[in-house]
Amino acid sequence: MARFHSRNPHFSRRALLGGMPAGCAAALPVGEASAHVKLSKDAVRFKKLSADDRTCRSCALFVAPSSCAFVEGPIEPEGTCWIWRARGA
Ligand code: SF4
């Protein structure tokens with residue numbers, strides 16, 4: 001299971017998702033999650049090109065061909081961000 005790590009102690013994924021109802025982020029199917037307000041690319045530190053295999057294309061939140069269930073706007077499939085999540089995790 002992929003683990004989430006942050007170098008910023010004031011900015012956690014839990015805090016980011018804290019505005020959602022309890023369990024919302026983990027429990028909703030990806031398609032339903034897209035009905036919620038999405039996070040900005042800046043908020044999740046989106047990068048257009050991943051330095052490793054944690055690409056958007058391999059992320060559980062990726063919506064083909066170039067969208068994300070949790071992040072606003074079009075995204076690059078070879079990009080990555082702070083909330084990357086392994087499929088099946
Ligand atoms: S890595 Fe981030 S932007 Fe890319 S699909 Fe996953 S959650 Fe969305």
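Bear in mind that the values in this text are calculations on the coordinates, not laboratory data. Small disclaimer: the values here were computed from a predicted structure and weren't measured. All Cβ positions, glycine included, derive from the backbone under ideal geometry; neighbour counts span all protein chains shown.
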| note | The local net charge around residue 68, scoring Lys/Arg +1 and Asp/Glu -1 for residues other than residue 68 whose Cβ lies under 12 Å from its Cβ, equals +2
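Counting only other residues whose beta carbon sits under 15 Å from that of residue 58, what net charge do I get with K and R as +1, D and E as -1? Write down the numbers at each step before the final one.
On the way: positive: 47, 54, 57, 85, 87; negative: 52, 53, 76, 78.
Once positives and negatives cancel, what remains is +1.
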| query | FRET efficiency for residue 66 and residue 89, Cβ-Cβ distance as r, R0 = 22 Å, nearest 0.05? | reply | 0.50
| request: Provide the net charge surrounding residue 41, with neighbours chosen by a C-beta distance below 12 Å and charges set as Lys +1, Arg +1, Asp -1, Glu -1. | output: +1
